[in-house]
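Notes to accompany the following structure.
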Amino acid sequence: MQFTYRALKDGKEINGVLEATSKEAAVSALVHQGIHPLSVKLGGKKSGVLTFGKPKVKLQDLVIFTRQLSTMVSAGVPLARSLATLGADSESPALKDAIQGIVKEVEGGAPLGDAFGKYPHIFSDVYVNMVRAGEEGGILDEILKRLALQVEMDASIRKKVKSAMAYPTVLLVVTFVAFFGIMLFIIPKISHILTDLGGPNAKLPKYTQVLLNFSNFCVQNTIIKHIPVLSLIPGLNKLPNLLFLAALAGVGGIYFIRYIRTDKGKYNFHLVLLKIPVVKTIMVKMAVARFSRTFASLMSAGVSVLDALDVTAGAIGNKVFERSLHNAASEVKNGKQLSEPIGSDKIWPPIVAQMLAVGEETGQIDTVLVKVADFYEEEVETLIDGLASIIEPVMIVILGGAVGLIAASVMGPIANLSKNIGS
């Protein structure tokens, strides 16, 4: 069971969560750690539900923490002491609070990976599983160094994408608001103008008629009137279809986020992403790079193939590849070489199975996979740079075309009808 506590340590009030069989055992564990409990309540932090307002930790702070922890572990400093020192020196309040809880978990005998796993808003699944891989193989310092590089690479990728998307996103939001504002307030008036100029039977271009029909749909409230339960709510039956659909989309988005936080939802979401051309390329290359680097490290540390596959599966960060590796582990357990199930699964690039086969023949799987990881990490960086350079102009062209289409749909018929009247 999990217990949430508020306590005093060295004259300072602290909060945290710990595992114990009973409330008395939780209090005893705190006292044993030199902590004076003020309150201990059953119930810990919940996961798998949508929460808001959790403190954020900057990627740069996470990189610094990871690098410093790696250095201290390499120097032989005890883990709990290393964490306590880094927590005291951290400039991030959220990270400092998390480290205090992690120190208590580690002092209580919990593995570092499990302690990190209790703070999913700071440490991702990939981060946690790679730490577990380092503990499993006795290469925690090496894994932490790699994690720092990986977090830096992720931060660099996010920065590039955000930079490329900043201007187009502003354009998209402005265009979206303007478009539906036009649909609700401007187009209905223009529809009356067109009717006055050309009469009720005036022939309009098809794209103009589609625009007018869509505007009428947005302004009306036909959806709510056709739903008996909703029509009983006072005032709701006067709500335009557009606002109702926007509210419905918001509620749907919340439930979608909750769904993809579950294991099944996350798997299905990753499966869909792997069917989108450009996204698929990026995800496959990143998954192969992480698999190759992590699996090679574990093999070089003397971890068995089955244990290495189990740990590496959770460190990839993609549920589809994770399931593939678990299936491959079952095949290996039955006596097959790893290259066989990997080669028969179409989600893996052929080069992975080929390089694995070479490594199995030569007994140098770790060396071969390191080269595969280097190649795919470079490929990911090159691909992201290329995408970042074309996102902005493509978005501008698309948004410009949409604005031009609306203008042509409205102004063209008015001009033509005005000429007809003049003649």
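The values are calculated or read from the model by the stated rules, or taken from the named source; none is laboratory data. Model, not experiment: these values are computed from the prediction. FYI the Cβ positions are ideal-geometry reconstructions off the backbone, even for glycines, and counts take in every protein chain you see.
Checked against the criterion of being in contact with a helix residue (DSSP H, G or I) (Cβ under 8 Å, 6 or more places away or on another chain), assigned by TED's automatic domain parsing to the domain that holds LEU184, under 27 Å from ILE260 (Cα atoms) and surrounded by 15 or more Cβ atoms within 10 Å (Cβ to Cβ), the candidates ALA353, ALA357, ALA373, ALA315 yield just one match: ALA315.
Looking at segment 170-182, which of its residues are in contact (Cβ under 8 Å) with a residue 60 or more places away in the chain and among the β-branched types (Val, Ile, Thr)?
THR175, ILE182
The residue that is nearest to ARG6 (Cα to Cα), counting only those in segment 82-128 that are in contact (Cβ under 8 Å) with a residue 40 or more places away in the chain and among the basic types (Lys, Arg), is LYS104. The residue pairs whose first member lies in segment 210-239 and is closer than 29 Å to ALA408 by Cβ, whose second member is among the hydroxyl-bearing types (Ser, Thr, Tyr) and at pLDDT below 80, and whose beta carbons are closer than 6 Å, counting only pairs six or more residues apart or on different chains, are LEU211/SER409; LEU212/SER191.
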